[in-house]
Number of protein chains: 2
Amino acid sequence: MAQPDRTRDAERTRAEIIEVATREFADNGYTGARVDEIAAKMSTTKRMIYYYFGNKEQLYVEVLEHAYAGIRAIERGLDVEHLDPVEAIRQLAELTFDHHESHPDFIRLVSIENIHRAEHISRSTVLSGLANPALDVLARILDRGREAGVFRDGVDPLDVHMVISSYCVFRIANRHTFNAIFKRDMLDPARRGHHRQLLGDLVVDYLTAG
Amino acid sequence: MAQPDRTRDAERTRAEIIEVATREFADNGYTGARVDEIAAKMSTTKRMIYYYFGNKEQLYVEVLEHAYAGIRAIERGLDVEHLDPVEAIRQLAELTFDHHESHPDFIRLVSIENIHRAEHISRSTVLSGLANPALDVLARILDRGREAGVFRDGVDPLDVHMVISSYCVFRIANRHTFNAIFKRDMLDPARRGHHRQLLGDLVVDYLTAG
DNA sequence: GAATTAACGTACCAGATAGTTAGTAAGCGC
DNA sequence: GCGCTTACTAACTATCTGGTACGTTAATTC
């Protein structure tokens, strides 16, 4: 694959390694990913991986950091202040739903990292404890909803985030075993609208019950 | 570890291999698991793994089959026919909650199998399409609830199962990244009762919402 | 109690895999 | 246009790892 007459460009080479490595790690897990395979799919050589990243583990950590950075950027673009609380929480949930569906590689990396008990994230100063912008937005919505008398009292934003995340992550992360056992593809486009609405109903019904 | 003077017992040897292999695969993933490591933790030798299972992949498949068999056995013991629908659905959810919490290795194996796109489960004639007894129980509860006029119409049992599963699986499977980022241990015993009730409220509020 | 078979152990191998050694050349400052 | 740094390449190696060849012994059969 390597083209001997390409111009020199450190940033581009680095970016290409991250991009190819992201796919390889997401596809095969940390242990299953092959440094030689990443190299074969690049337009440069394996030596460059070690030149820029030192070793396989550091490459994996930077793949994770890059993936999380992309997510956070999208979350920061969230704007639901102008909506009433019920509509705002529904939009927040649906944004998470859409986002996870369109970033399966990210979900896979998170699953892989959990198999490794988040040891790499915990060691990464960039990632460990990195605040989630969506959580602040969520807290604001819950406050407004409670003040307006439509949401129940004493709801922890992080609990609501957990409920939304679990639903959206499960659809993507456990798609294959779920399909193998129940013969239903959770990502079937024909059921997408229904699943999206179900999530909104679930959260809103819980928050407004009582 | 091998004791030369132990008596011969094919069943016991087989069972011990499955037991040790379950831990190794759950801890390290399929690719990360080491056949030599499994052997080192047994009271017999690596040769026996190949004697009984042929290769690493077949051993992994039988580990999965054994793990699913244990789950199904517990589910078959479910008896909520005598309870009113609201209480029955709450108990079903809480049973899933309790079960997943006390079988983290099973959840890890499922995560690992999803990283591999369920290729092993799909190939296993024992596992592929294996019906879930809990799903029939769930369908019955929903029917009774609808007949009694307390549950909403047109609810798909598999959707409800998905909601319950996602919540219970997420708590265990994504515990580590969640804790690394939000500094909250989802398995903290102090929050266990709260999380358990939250799940029941979530499902009941959705089903009874008007 | 000899023959047979199932259960087990030792020692080893071939290929895979993360990481390295040693060297080349493009571009930049002067 | 010379020297130096940074980007880059090819070829190699030590070690790990799934798997096997071959031999041995306990139990079972007749």
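Here are the numbers:
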| item | result |
| --- | --- |
| Between region A:4-43 and region B:116-173, the alpha-carbon center distance in angstrom | 40 Å |
| Dipole moment magnitude, nearest 20 debye, chain A about Cα centre, only Lys, Arg, Asp, Glu C-beta charged | 700 debye |
| Cα long-axis angle, helix A:10-32 against chain A (0 to 90 degrees, to the nearest 10) | 70 degrees |
| Under 25 Å from the Cα of residue B:56 - lysines, other chains or at least 8 residues apart | A:56, B:41, B:46 |
| Relative contact order of chain B, defined on C-alpha pairs under 8 angstrom at six or more residues apart (%) | 21 percent |
| Dipole of the protein assembly as shown, positive end: most advanced residue of A:104, B:15, B:199 [Cβ charges, Cα centre] | B:15 |
| Positive-end residue, the protein assembly as shown charge dipole about Cα centroid, Cβ charges, pick of B:154, A:58, B:92 | A:58 |
| Chain A: most fluctuating residue of A:157, A:189, A:133 per GNM, C-alpha cutoff 10 Å | A:189 |
| Ordering of A:118-128, B:8-18, A:88-98, A:25-35 by packing [mean C-beta count within 10 Å, highest first] | A:88-98, A:25-35, A:118-128, B:8-18 |
| Helix A:133-147 vs. chain A, principal-axis angle (Cα, 0 to 90°, nearest 10) | 0 degrees |
| Exercise: per-residue mean of other protein chain Cβ atoms within 10 Å, A:152-162 | 3 |
| Principal-axis tilt of helix A:189-208 within chain A, Cα atoms, nearest 10 degrees | 50 degrees |
| The protein assembly as shown, helix-only ellipticity at 222 nm - DSSP H runs n ≥ 4, -39,500 (n - 2.57), divided by all residues, nearest 500 | -23500 deg cm²/dmol |
| Size of charge dipole - the protein assembly as shown - debye, nearest 20, with Cβ of Lys, Arg +1 and Asp, Glu -1, no other charges | 1220 debye |
| Region A:31-91: GluC sites (Glu not before Pro) falling in loop per DSSP and having at most 11 other Cβ within 10 Å | A:81 |
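Taken together, the values in this text are just the output of simple stated rules run on the coordinates, not laboratory data. What you see is a predicted model; the values in this text were computed from it and never measured. Here Cβ is always computed from backbone atoms with ideal geometry, including for glycine, and neighbour counts include all displayed protein chains.
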